[in-house]
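Visitor: Here it is, the structure, as structure tokens.
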Amino acid sequence: MQTTRYDPIAMSLHWIVALAVFAAYGIGLVREELPKGDFRAWLLTLHMSLGLLVIALTVVRVGWHMITPAPTAIPTTPIASVAAKLVHLGLYSAMFAIPIIGLFAAWTKGRVVGVFSLIVIPSPVSLDAHLAKILEDAHGVAAHAFMILAGVHALAAIGHHLVLRDATLARMLPFVTARRSNLRA
Ligand code: HEM
Ligand code: HEM
């Protein structure tokens, strides 16, 4: 069946993951500046738990996309369409790769990884302080690149809404419909 909007599950997954990614990034940066102590340690646990949530929901999201139809494409130029696909591919790669690099950075450093103290994921690798440092740096650099890509993606969505006046953003937002907002569907 043809559809013109993202379904509620795809929308929820998109916005929950986006919030978790932004929160994990913000916490990752802020905790670097804090003095060592219980609060800093708790923030790392929160950071790792949010990152694990991102991987888990991204797996669900890929599965959901495979069994539900994508909304019909809004007419655009071939270049814009390829650019959007490449950006989405980059975002999906980052949603898997960055938390996974973070996981291995934590394991090789000997940190306990899990979702608070509810679930602990045993480490499959041995301690390696040198590798841990390389992975931590790669995780940080990749996270900054991820935020730039997400920023470009968000600006494009806002540009579609405000400048091109089409339904690209509206169909990813709950309660906003193209007809009510007088947009091109
Ligand atoms: C989308 C998910 C994630 C994002 C956006 C993210 C982002 C970040 C950022 C921005 C930093 C600070 C890096 C710097 O300033 O150089 C950081 C540090 C770190 N992250 Fe993540 N991260 C994510 C998921 C994870 C996960 C799943 C784990 C592990 C289970 C993890 C483990 C770490 C560790 C161990 C550090 C270094 C902490 C320290 O200073 O000792 N991250 N992350
Ligand atoms: C870390 C943050 C974000 C990530 C990882 C992300 C990821 C994605 C991905 C992978 C898609 C492709 C469709 C899908 O698989 O669900 C998508 C679609 C979309 N995103 Fe995001 N997104 C983020 C933040 C944002 C923000 C802040 C906005 C708006 C300001 C936004 C607006 C949209 C819109 C409008 C679509 C539909 C595009 C279309 O139909 O071609 N996203 N997003």
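The values are calculated or read from the model by the stated rules, or taken from the named source; none is laboratory data. This is a predicted model, so every value here is computed, not measured. A quick note on method: Cβ atoms are made from the backbone with ideal geometry, for glycine too, and the neighbour counts reach across all protein chains shown. Heavy atoms of the whole protein, side chains included, go into the accessibility calculation; ligands, DNA and RNA do not. Shrake-Rupley method; radii C 1.70, N 1.55, O 1.52, S 1.80 Å.
The rows are residues; the columns are (1) in contact (Cβ under 8 Å) with a residue 40 or more places away in the chain; (2) over 20 Å from the mean Cα position of the chain (by Cα).
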| residue | (1), (2) |
| --- | --- |
| Tyr6 | yes, no |
| Ile9 | yes, no |
| Val30 | no, no |
| Trp42 | no, yes |
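Visitor: Please specify each residue of the range 72-98 satisfying the condition of being under 26 Å from Val54 (Cα atoms) and among the β-branched types (Val, Ile, Thr).
Guide: Val82, Val87, Ile98 - these are the residues of the range 72-98 that are under 26 Å from Val54 (Cα atoms) and among the β-branched types (Val, Ile, Thr).
Visitor: Same structure again: Kindly establish whether Ala10 is closer than 16 Å to Ala94 by Cβ and open to solvent by less than 40 Å² (accessible area, probe 1.4 Å).
Guide: Answer is no for this residue.
Visitor: So Gly159 ticks every box in (1) open to solvent by 50 Å² or more (accessible area, probe 1.4 Å); (2) more than 14 Å from ligand 1 (Cβ to nearest atom) but one. Which box is left unticked?
Guide: Condition not satisfied by Gly159: (1).
Visitor: Are any of the residues in the range 36-59 surrounded by fewer than 16 Cβ atoms within 10 Å (Cβ to Cβ), within 12 Å of ligand 2 (Cβ to nearest atom) and modelled with pLDDT of 95 or more?
Guide: So far as the range 36-59 goes, no, none of its residues is surrounded by fewer than 16 Cβ atoms within 10 Å (Cβ to Cβ), within 12 Å of ligand 2 (Cβ to nearest atom) and modelled with pLDDT of 95 or more.
Visitor: Just for the range 136-181: of the residues that are part of a loop (DSSP other than H, G, I, E, B) and either of a type in the set (Asp, Glu) or touching a Lys or Arg at 6+ places or on another chain (Cβ under 8 Å) (or both), which one is modelled with the lowest pLDDT?
Guide: Ranking the candidates gives Ala178 first.
Visitor: Does Pro35 satisfy the criteria of being part of a loop (DSSP other than H, G, I, E, B) and under 20 Å from His161 (Cα atoms)?
Guide: Here the answer is no, as Pro35 does not meet what is asked.
Visitor: Kindly evaluate Leu50 against the criterion of being in contact (Cβ under 8 Å) with a residue 12 or more places away in the chain and part of a helix (DSSP H, G or I).
Guide: Answer is yes for this residue.
Visitor: How do the pairs read when you match residues in the range 54-73 that are closer than 22 Å to Leu19 by Cα with residues anywhere that are open to solvent by 80 Å² or more (accessible area, probe 1.4 Å) and within 16 Å of ligand 1 (Cβ to nearest atom), using Cβ under 9 Å and keeping only pairs 6 or more apart or on different chains?
Guide: Taking only residues 6 or more apart or on different chains, the pairs are Leu57/Ile16.
Visitor: What residue, of Leu103, Leu91, is assigned to a helix (DSSP H, G or I) and more than 20 Å from Leu44 (Cβ to Cβ)?
Guide: After ruling out the rest, the residue left standing is Leu91.
Visitor: Out of the range 61-81, which residues are assigned to a loop (DSSP other than H, G, I, E, B), open to solvent by less than 80 Å² (accessible area, probe 1.4 Å) and aliphatic (A, V, I, L, M)?
Guide: Ala70, Ile74
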